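A.B. asks: Next up is a structure, given as structure tokens.
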Amino acid sequence: MSDAISKPMRHAILGAGGVGGLIGASLAHAGDSVTMVVRAESVAQYPKQLHLESPFGNFTVDVAVASEVPAVDVLWLTVKATQLESAFTVFKNPDAVRAIVPLLNGIDHIAMLRGKYGRERVIPATIAVETERVSPGHIVHRSPFARLFVSTAGRALLGTTLDELQKIGFACRFVDDEPTLMWGKLVFLAPFALSTTAANKNVGEIFSDPEWNALGTTCIREACAVAIAEGAKVDADAVLAAARAMPGNMRSSMQKHVERHNPPELDAIAGPILRGARKHGIPVPVTEKLVAVVEQRAG
């Protein structure tokens, strides 16, 4: 991955939650310049340091704080899908940003961002991790892993950055096939998020309960059938094996949002599967059932 531009690089993080805080703290720890972009009314109070507690180590790093996206090499877009439209209001000079790396859940945001900012500037990527902002500037990385997959379109710019993140503990990989990159996460995330939220159980409790185990397993197979029809190279048995290998105490962010009475990212996470199923005539009754239960729980 070392064929990238020389360091240090300038990064902005738009979305100062768990994922944004983890990325920002890790990049600053690696020696890059990091600006956290927050609401204008929060700039004065937001800490000028990030404190990360992680299986990769605990550290505190200095960051800049701004209410608008500054001129940077990379903008990491880490807002929730439900916040994407409002996030555009602080991105007033996109020509000053070399690349946008969105780490949102789902798939549909890629086309939206390319429509606004151009195909070359948007670098598709996904992240698999459990991380949480427990207070402004204080991030707790709970999963023993953080897996960052990036389109090969970003290799020239991000190769060195991914090298540095791997030294910290991330598992990083460039992926050639965009449908596989994006659907490869969704076929894992959607069943995990829907089943844990519908049941209000962690992943270990899902697999130890015969009824919920059957529902979660079928949901994975339904998601994979749609992904394959959409051109992705995924294997349901491999996804199921990976899900069973997750730490049993892991909980989904959707589950936490519903518990806190925040709107879940249902359309971003389940929407592509439901729409793809209708498009290709693939029955997905378990996915539909779990979505209905989550909608009921979320009010």
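The values are calculated or read from the model by the stated rules, or taken from the named source; none is laboratory data. Since the structure is predicted, the reported quantities are computational estimates derived from the model, not experimental observations. Here the Cβ positions follow ideal geometry from the backbone for every residue, glycine too, while neighbour counts run over all protein chains shown.
A.B. asks: Among (1) under 17 Å from the mean Cα position of the chain (by Cα); (2) at pLDDT below 95; (3) assigned to a helix (DSSP H, G or I), there is one condition residue 242 misses while meeting the rest; what is its number?
C.D. replies: (1)
A.B. asks: Could you tell me whether any residue of the stretch 63-74 is of a type in the set (S, T, N, Q) and buried (at least 19 other Cβ atoms within 10 Å of the Cβ)?
C.D. replies: No, that holds for no residue.
A.B. asks: Quick one: in the stretch 93-126, which of the residues that are of a type in the set (Gly, Ala, Ser) and assigned to a helix (DSSP H, G or I) is surrounded by the most Cβ atoms within 10 Å (Cβ to Cβ)?
C.D. replies: So, considering only residues that are of a type in the set (Gly, Ala, Ser) and assigned to a helix (DSSP H, G or I), the one surrounded by the most Cβ atoms within 10 Å (Cβ to Cβ) is 96.
A.B. asks: Sticking with this one: Between 74, 19, 61, 37, which is more than 21 Å from the chain's Cα centre (by Cα), at pLDDT 95 or above and among the β-branched types (Val, Ile, Thr)?
C.D. replies: Criteria check complete, one pass: 61.
A.B. asks: Look at the stretch 30-48 and say how many of its residues are part of a strand (DSSP E or B) and exposed (fewer than 13 other Cβ atoms within 10 Å of the Cβ).
C.D. replies: The number of residues fulfilling the criteria is 0.
A.B. asks: I would also like to ask the following. I'd like to check something: does the stretch 172-185 contain any residue that is farther than 30 Å from residue 222 by Cα and over 15 Å from the mean Cα position of the chain (by Cα)?
C.D. replies: No: zero hits.
A.B. asks: Scan 73, 108 and give me the residue that is touching a residue at least 60 places away in the same chain (Cβ under 8 Å), closer than 20 Å to residue 31 by Cα, touching a helix residue (DSSP H, G or I) at 6+ places or on another chain (Cβ under 9 Å) and not β-branched (Val, Ile, Thr).
C.D. replies: Of 73, 108, the one residue that is touching a residue at least 60 places away in the same chain (Cβ under 8 Å), closer than 20 Å to residue 31 by Cα, touching a helix residue (DSSP H, G or I) at 6+ places or on another chain (Cβ under 9 Å) and not β-branched (Val, Ile, Thr) is 73.
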